[in-house]
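**Q** Handing you this structure, nothing more for now.
The values are calculated or read from the model by the stated rules, or taken from the named source; none is laboratory data. This one's a predicted model, so the numbers in the text were calculated from it and none came from an experiment. Note that we place each Cβ from the backbone using ideal geometry, even for glycine, and neighbour counts take in every protein chain shown. Keep in mind that these areas ignore ligands, DNA and RNA; they rest on the heavy atoms of the full protein, side chains included. Shrake-Rupley method; radii C 1.70, N 1.55, O 1.52, S 1.80 Å.
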Amino acid sequence: MPSGIGESVPRPDGSLKVSGEFAYSSDLWLEGMLWGATLRSPHPSAWIRSMDVGPALAMPGVFAVLTHEDVPGERFYGLEHRDQPVLAIDQVRYQGEPVAIVAADHPETARRAAAAIVVDYEVRTAVTDPHRAAFDPSCPAVHPRGNLVRHQPVRVGSTFAAEVVVTGEYEVGMQDQAFLGPESGLAVPAEDGGVDLFVATQWLHVDQGQVAPCLGLPPEKVRLTLAGVGGAFGAREDLSMQVHASMLALRTGRPVKMVYGREESFFGHVHRHPARMRYEHGATADGRLVYVRAEILLDGGAYCSSTLAVVGNAASLGVGPYEVDNVWIDAYGVYTNNPPCGAMRGFGAVQACYAYESQMDRLAAACGLSPVEIRVRNAVSQGSRLATGQLIDSPAPLAEMLTELAAMPLPTDPAGTGMDGAGPDLRLLPGGVAQATRGEGVRRGVGYGVGIKNICFSEGFDDHSTARVRIEAAGDEPHVLVRTAAAEVGQGLVTVQAQIARTELGVERVTVAPADTGVGSAGSSSASRQSYVTGGAVRAACVAVRERLAALRAAHPELSLVEVLERCGPVEETREFRHRPTFPMDPVTGQGNSHTQLALCVHRAVVDVDVDLGLVRVVELAAVQDVGKILNPLALEGQIHGGSAQGLGLALMEEIQVREGKVLNPSFTDYLIPTILDMPPMRLSILENPDPHAPYGLRGAGEPPTLSSTPAVAAAVRAATGLDLPRVPIRPEDIALVPASRP
């Protein structure tokens with residue numbers, strides 16, 4: 001049908017967001033509500049000797065000032081390991097750690113009251129070098145159990161000698177998710193002694209599972225409803241203001257709203273793990289991989305967050321989508337006093353991809369092959385095995401994808417010639433019209449990148465989703481209500497759920513209810529999993545409804561569907577959907593079927609580089625991605641564009657600058673993200689090779705473009721400059737400090 005699976009159905013929130021009418025969590029409002037504010041540590045590492053909240057309490061309009069002593073339940077929470085205090089107890093472990101919270105009748109009053117709290121800190125030397133934290137026994141321990149969060153080896157084969165050997169050391173900087181809607185929410189005390197929390201999040205039930213124990217309440221008394229989300233990309237998996245606003249609401253008996261400003265947002269959520277990686281690739285003279293050795297070191301910052309999973313992804317996917325019989329990988333995640341790091345689009349796989357793709361380009365040069373040919377010769381396919389021993393048992397046409405990508409036409413006009421042919425069009429040069437160049441130092445480069453990403457949660461996690469579907473008569477037509485706890489964070493999930501219901505039930509009028517904890521968990525809107533898992537749950541519930549309807553209509557063949565529903569009443573079914581089981585990686589060998597699905601994307605980047613000024617203009621990005629089944633073509637293209645934009649940002653501009661544990665650029669003035677002027681035209685080819693294990697044969701699509709776009713852009717800059725460029729983001733000084741006379 002015209003609005004079912006496979007159609008570009010408009011998003012119900014689309015026009016509202018464009019017009020500014022959409023209600024985000026920061027727009028929440030209740031009469032008589034108070035405003036919350038947070039006092040944060042200015043130090044990355046310090047003991048707390050004393051705290052005086054008296055000056056804040058004495059301010060007119062202040063209703064509550066709370067510290068760790070006021071936490072009514074458990075004092076620690078965490079996404080995977082409960083190591084993070086609700087409010088700092090005797091020490092702080094990173095700059096920006098919450099120390100105290102305030103509720104007042106005006107947001108400015110709350111902020112001034114928080115600033116009036118007097119804290120006596122004994123500053124310590126911060127642990128900021130992840131290598132020292134991991135490997136130096138004399139390094140101070142950030143946590144009592146030490147600095148190592150996880151070490152995951154992968155061991156396969158025994159041959160580590162080859163005719164051609166290339167080595168490299170690579171770094172990936174700390175990227176921020178940079179969502180436009182800062183952390184915000186509204187906590188409302190309830191008559192039963194519980195709290196109703198309206199919040200922008202990615203995972204309602206995991207929030208509930210962390211918030212309730214900290215409040216000393218049973219889960220059923222902590223009810224969460226998803227408020228409007230202004231982007232997420234992984235940063236809303238962890239708690240921010242949820243416990244704090246709830247504590248203040250329960251203490252004051254008034255609704256409490258908390259909204260972070262942009263600077264506070266940089267301190268209030270996790271970031272992408274920065275990485276240091278050492279790789280060695282060995283191959284035959286004709287470019288066939290023999291072995292890969294790698295050490296991947298991920299800086300998790302002050303608290304665990306999702307570091308355990310990030311290390312697992314980096315280790316299991318650390319050689320990329322290439323066939324190689326001998327692998328020796330060591331992936332580490334460590335604690336430091338740097339900002340906490342956790343989930344960000346492609347987590348763990350992004351960092352490894354930059355390193356192994358840089359290595360493939362080095363290997364191509366050493367073997368005298370093109371970047372495409374070296375990848376084609378070593379590409380996995382259906383029937384191949386990962387380094388973990390896991391069989392790729394669904395289509396993986398990587399060689400064909402690369403061949404198709406390489407055959408796409410390249411953009412013309414490398415010199416930026418003006419329309420009149422008289423000189424360069426300054427708008428098409430790196431830096432645009434504001435720069436002093438006239439194109440004398442501009443060089444063009446082309447680069448390729450390949451990425452492989454696990455879809456859904458891995459390593460034995462009980463990854464499931466719940467959906468409740470109800471059909472009833474509404475006037476002279478049937479109406480379907482779909483209810484899940486799945487978070488719509490901008491990816492278009494609400495639209496897809498309605499498309500599935502229309503397809504399965506043949507009913508055009510479908511409503512998707514706001515997500516809340518009143519229905520079973522849908523898991524997180526991350527790991528490119530919601531279309532797979534929640535889509536599977538909605539489909540299963542719809543099938544159950546359809547079967548019951550068929551029985552009712554068979555019993556009443558003379559009645560229409562609406563008449564059956566009017567006579568027999570609504571039909572409602574709830575179903576859970578689980579993908580096939582996964583298993584933890586072996587702690588010694590790394591072997592195991594740790595992933596349920598794998599997705600591939602390949603990118604080609606064309607760049608113009610001004611080698612005098614160190615400026616880069618991405619002229620075009622081209623991508624080929626296999627998605628199994630297209631559910632919504634326009635939404636899918638948006639996901640590929642968006643993922644590519646974040647990969648471009650990591651390649652050229654996005655980095656949180658941290659010095660001695662302190663963030664130097666917590667603003668969108670100094671933390672740069674790609675704008676519409678930085679994003680080039682994109683050429684896409686979207687393939688549909690169904691995965692027989694997935695609903696509709698679909699393959700999660702949101703993360704893979706983020707992997708392959710970064711190394712493609714970096715490779716193109718290398719091709720244009722002839723420079724090694726082992727670190728992203730590539731800065732102007734990395735290019736311009738080298739004499740412009742190079743080839």
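**Q** Quick one: GLU108 ticks every box in (1) more than 24 Å from LYS257 (Cα to Cα); (2) acidic (Asp, Glu); (3) exposed (fewer than 14 other Cβ atoms within 10 Å of the Cβ) except a single one, so which number is it?
**A** The single condition GLU108 does not satisfy is (1).
**Q** Sticking with this structure for a sec: Considering only residues that are part of a loop (DSSP other than H, G, I, E, B), buried (at least 23 other Cβ atoms within 10 Å of the Cβ) and touching a Lys or Arg at 6+ places or on another chain (Cβ under 8 Å), which ones fall in the range 612-648? If you could, list the steps in order and put the result at the bottom.
**A** First, the residues of the range 612-648 that are part of a loop (DSSP other than H, G, I, E, B): 612-614, 627-632.
Now narrow it down to the ones that are buried (at least 23 other Cβ atoms within 10 Å of the Cβ): 627-628, 631.
Passing the criteria: VAL627, GLY628.
**Q** Could you tell me whether SER240 is of a type in the set (Ser, Thr, Tyr), within 30 Å of LEU57 (Cβ to Cβ), in contact with a helix residue (DSSP H, G or I) (Cβ under 6 Å, 6 or more places away or on another chain) and open to solvent by less than 10 Å² (accessible area, probe 1.4 Å)?
**A** no
**Q** In the range 452-466, is there at least one residue being within 25 Å of the chain's Cα centre (by Cα) and without any contact (Cβ under 8 Å) to a residue 40 or more places away in the chain?
**A** Going through the range 452-466, the residues within 25 Å of the chain's Cα centre (by Cα) turn out to be 452-466.
Within this subset, residues satisfying the condition of being without any contact (Cβ under 8 Å) to a residue 40 or more places away in the chain are none.
No, the range 452-466 contains no residue that is within 25 Å of the chain's Cα centre (by Cα) and without any contact (Cβ under 8 Å) to a residue 40 or more places away in the chain.
**Q** Oh, and also: Working carefully through the options LEU672, LEU687, find the one that is touching a Pro at 6+ places or on another chain (Cβ under 8 Å) and either at pLDDT below 95 or not acidic (Asp, Glu) (or both). Break it down into steps so the answer makes sense when it comes.
**A** Details: LEU672 fails: touching a Pro at 6+ places or on another chain (Cβ under 8 Å).
Going through LEU672, LEU687 in turn, the sole match is LEU687.
**Q** Tell me the residue from PHE198, PHE267, PHE233 that is of a type in the set (Phe, Trp, Tyr), out of contact with any His (no Cβ under 9 Å at 6 or more places or on another chain) and surrounded by fewer than 21 Cβ atoms within 10 Å (Cβ to Cβ), please. Break it down stepwise before answering.
**A** On the way: PHE198 fails: surrounded by fewer than 21 Cβ atoms within 10 Å (Cβ to Cβ); PHE233 fails: surrounded by fewer than 21 Cβ atoms within 10 Å (Cβ to Cβ).
Result of the check over PHE198, PHE267, PHE233: PHE267.
**Q** Of all the residues that make up the range 465-506, how many are in a loop (DSSP other than H, G, I, E, B), under 21 Å from ARG345 (Cα atoms) and either out of contact with any strand residue (DSSP E or B) (no Cβ under 8 Å at 6 or more places or on another chain) or open to solvent by less than 10 Å² (accessible area, probe 1.4 Å) (or both)? Lay out the reasoning, then the answer.
**A** The first filter runs over the range 465-506 and keeps only residues in a loop (DSSP other than H, G, I, E, B), leaving 475-476, 485-492, 506.
Still in the list and also under 21 Å from ARG345 (Cα atoms): 485-492.
In the following step, the residues that additionally are either out of contact with any strand residue (DSSP E or B) (no Cβ under 8 Å at 6 or more places or on another chain) or open to solvent by less than 10 Å² (accessible area, probe 1.4 Å) (or both) were identified as 485-487, 489-492.
Residues meeting the conditions: 7.
**Q** In the range 295-346, how many residues are closer than 20 Å to PHE233 by Cβ and touching a strand residue (DSSP E or B) at 6+ places or on another chain (Cβ under 7 Å)?
**A** Let us first name the residues in the range 295-346 that are closer than 20 Å to PHE233 by Cβ, namely 298-301, 303-314, 317, 333, 338-346.
Next, from what is left, pick out any that are touching a strand residue (DSSP E or B) at 6+ places or on another chain (Cβ under 7 Å): 298-301, 303-308, 310-314, 317, 333, 338-339, 341, 344, 346.
Residues in the range 295-346 being closer than 20 Å to PHE233 by Cβ and touching a strand residue (DSSP E or B) at 6+ places or on another chain (Cβ under 7 Å): 22 in total.
**Q** Quick one: which of VAL480, VAL489 is closer than 23 Å to GLY647 by Cβ, at pLDDT 95 or above and not acidic (Asp, Glu)? Before you say what the answer is, go through the steps one by one.
**A** On the way: VAL480 fails: closer than 23 Å to GLY647 by Cβ.
So the residue among VAL480, VAL489 that is closer than 23 Å to GLY647 by Cβ, at pLDDT 95 or above and not acidic (Asp, Glu) is VAL489.
**Q** Please work out which one of (1) among the small types (Gly, Ala, Ser); (2) over 30 Å from THR511 (Cβ atoms); (3) touching a Gly at 6+ places or on another chain (Cβ under 7 Å) is the condition ALA64 fails and give its number.
**A** Of the numbered conditions (1) among the small types (Gly, Ala, Ser); (2) over 30 Å from THR511 (Cβ atoms); (3) touching a Gly at 6+ places or on another chain (Cβ under 7 Å), the odd one out for ALA64 is (3).
**Q** Does any residue in the range 690-714 that is farther than 27 Å from ASP361 by Cα come within less than 6 Å, Cβ to Cβ, of a residue that is open to solvent by less than 10 Å² (accessible area, probe 1.4 Å) and acidic (Asp, Glu) six or more places away or on a different chain, and which pairs are these?
**A** Partner pairs satisfying both residue conditions: GLY697/ASP691; ARG699/ASP691.
**Q** On the given criteria, is PRO130 farther than 30 Å from PRO674 by Cα and either in contact with a strand residue (DSSP E or B) (Cβ under 7 Å, 6 or more places away or on another chain) or not hydrophobic (A, V, I, L, M, F, W, C) (or both)? So that I can check it myself, show each step before the final result.
**A** Values: farther than 30 Å from PRO674 by Cα: no; either in contact with a strand residue (DSSP E or B) (Cβ under 7 Å, 6 or more places away or on another chain) or not hydrophobic (A, V, I, L, M, F, W, C) (or both): yes.
The answer is no for PRO130.
**Q** Do you know which residues across the range 46-105 are exposed (fewer than 15 other Cβ atoms within 10 Å of the Cβ), more than 35 Å from the chain's Cα centre (by Cα) and hydrophobic (A, V, I, L, M, F, W, C)?
**A** ALA58
**Q** Residue check, VAL222 against (1) more than 27 Å from the chain's Cα centre (by Cα); (2) open to solvent by less than 10 Å² (accessible area, probe 1.4 Å); (3) not hydroxyl-bearing (Ser, Thr, Tyr), all met but one. Which one?
**A** So the condition that VAL222 fails would be (1).
**Q** VAL9 versus (1) of a type in the set (A, V, I, L, M, F, W, C); (2) over 30 Å from TYR696 (Cα atoms); (3) open to solvent by less than 30 Å² (accessible area, probe 1.4 Å): which is the lone unmet condition?
**A** For VAL9, the exception is condition (2).
Yes/no matrix, rows are residues, columns are (1) on the phi > 0 side of the Ramachandran plot; (2) in a helix (DSSP H, G or I); (3) among the basic types (Lys, Arg); (4) modelled with pLDDT of 95 or more:
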{"site": "ARG567", "(1), (2), (3), (4)": "no, yes, yes, yes"}
{"site": "ARG575", "(1), (2), (3), (4)": "no, no, yes, yes"}
{"site": "ARG604", "(1), (2), (3), (4)": "no, no, yes, yes"}
{"site": "VAL609", "(1), (2), (3), (4)": "no, no, no, yes"}
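**Q** For the range 514-547, give me each residue that is part of a loop (DSSP other than H, G, I, E, B), open to solvent by less than 10 Å² (accessible area, probe 1.4 Å) and among the hydroxyl-bearing types (Ser, Thr, Tyr).
**A** The answer is SER524, and nothing else.
**Q** Select from the range 548-559 the residues that are of a type in the set (A, V, I, L, M, F, W, C) and touching a residue at least 12 places away in the same chain (Cβ under 8 Å) and write down the one among them that is least open to solvent (accessible area, probe 1.4 Å). If you could, list the steps in order and put the result at the bottom.
**A** Restricting attention to the range 548-559, the residues satisfying the condition of being of a type in the set (A, V, I, L, M, F, W, C) are 549-552, 554-555, 559.
Still in the list and also touching a residue at least 12 places away in the same chain (Cβ under 8 Å): 549, 552.
Values: LEU549: 16, LEU552: 46 Å².
Ranking the qualifying residues of the range 548-559, first place goes to LEU549.
**Q** Are any of the residues in the range 673-682 outside any loop (DSSP other than H, G, I, E, B), over 17 Å from CYS601 (Cβ atoms) and open to solvent by 30 Å² or more (accessible area, probe 1.4 Å)?
**A** Our first condition is that a residue be outside any loop (DSSP other than H, G, I, E, B); within the range 673-682, this holds for 682.
This time we only want the ones that are over 17 Å from CYS601 (Cβ atoms), so: none.
No; the residues of the range 673-682 include none that is outside any loop (DSSP other than H, G, I, E, B), over 17 Å from CYS601 (Cβ atoms) and open to solvent by 30 Å² or more (accessible area, probe 1.4 Å).
**Q** Sort through VAL562, VAL571 and tell me the only one that's surrounded by fewer than 20 Cβ atoms within 10 Å (Cβ to Cβ) and in contact (Cβ under 8 Å) with a residue 12 or more places away in the chain. Spell out how you get there, then give the answer.
**A** On the way: VAL571 fails: surrounded by fewer than 20 Cβ atoms within 10 Å (Cβ to Cβ).
On inspection, the qualifying residue turns out to be VAL562.
**Q** Within the range 412-461, can you find the residues that are modelled with pLDDT of 95 or more, in a loop (DSSP other than H, G, I, E, B) and either open to solvent by 40 Å² or more (accessible area, probe 1.4 Å) or farther than 26 Å from GLY318 by Cα (or both)?
**A** Matches in the range 412-461: GLU459, GLY460, PHE461.
**Q** Report yes if GLU122 is in contact (Cβ under 8 Å) with a residue 40 or more places away in the chain, in contact with a Phe, Trp or Tyr (Cβ under 7 Å, 6 or more places away or on another chain), of a type outside the set (Gly, Ala, Ser) and surrounded by fewer than 19 Cβ atoms within 10 Å (Cβ to Cβ), otherwise no.
**A** Values: in contact (Cβ under 8 Å) with a residue 40 or more places away in the chain: yes; in contact with a Phe, Trp or Tyr (Cβ under 7 Å, 6 or more places away or on another chain): yes; of a type outside the set (Gly, Ala, Ser): yes; surrounded by fewer than 19 Cβ atoms within 10 Å (Cβ to Cβ): yes.
It is true that GLU122 is in contact (Cβ under 8 Å) with a residue 40 or more places away in the chain, in contact with a Phe, Trp or Tyr (Cβ under 7 Å, 6 or more places away or on another chain), of a type outside the set (Gly, Ala, Ser) and surrounded by fewer than 19 Cβ atoms within 10 Å (Cβ to Cβ).
**Q** Of the residues THR596, THR589, only one is open to solvent by less than 10 Å² (accessible area, probe 1.4 Å) and either among the basic types (Lys, Arg) or over 30 Å from ALA736 (Cβ atoms) (or both); which?
**A** Details: THR589 fails: open to solvent by less than 10 Å² (accessible area, probe 1.4 Å).
Criteria check complete, one pass: THR596.
**Q** Are there strands (runs of 3 or more DSSP E) fully within the range 270-338 with at least 2 residues that are touching a helix residue (DSSP H, G or I) at 6+ places or on another chain (Cβ under 9 Å), of a type outside the set (A, V, I, L, M, F, W, C) and open to solvent by 10 Å² or more (accessible area, probe 1.4 Å)? List them.
**A** Details: elements: 275-283, 289-299, 326-334.
Once the strands (runs of 3 or more DSSP E) in the range 270-338 are filtered for at least 2 residues that are touching a helix residue (DSSP H, G or I) at 6+ places or on another chain (Cβ under 9 Å), of a type outside the set (A, V, I, L, M, F, W, C) and open to solvent by 10 Å² or more (accessible area, probe 1.4 Å), what remains is 275-283, 326-334.
**Q** Continuing with this model, one more query. Between a residue in the range 355-379 that is surrounded by fewer than 24 Cβ atoms within 10 Å (Cβ to Cβ) and any residue that is part of a helix (DSSP H, G or I) and polar (S, T, N, Q), which pairs come within a Cβ distance under 7 Å, given they are 6 or more apart or on different chains?
**A** Taking only residues 6 or more apart or on different chains, the pairs are VAL376/THR403.
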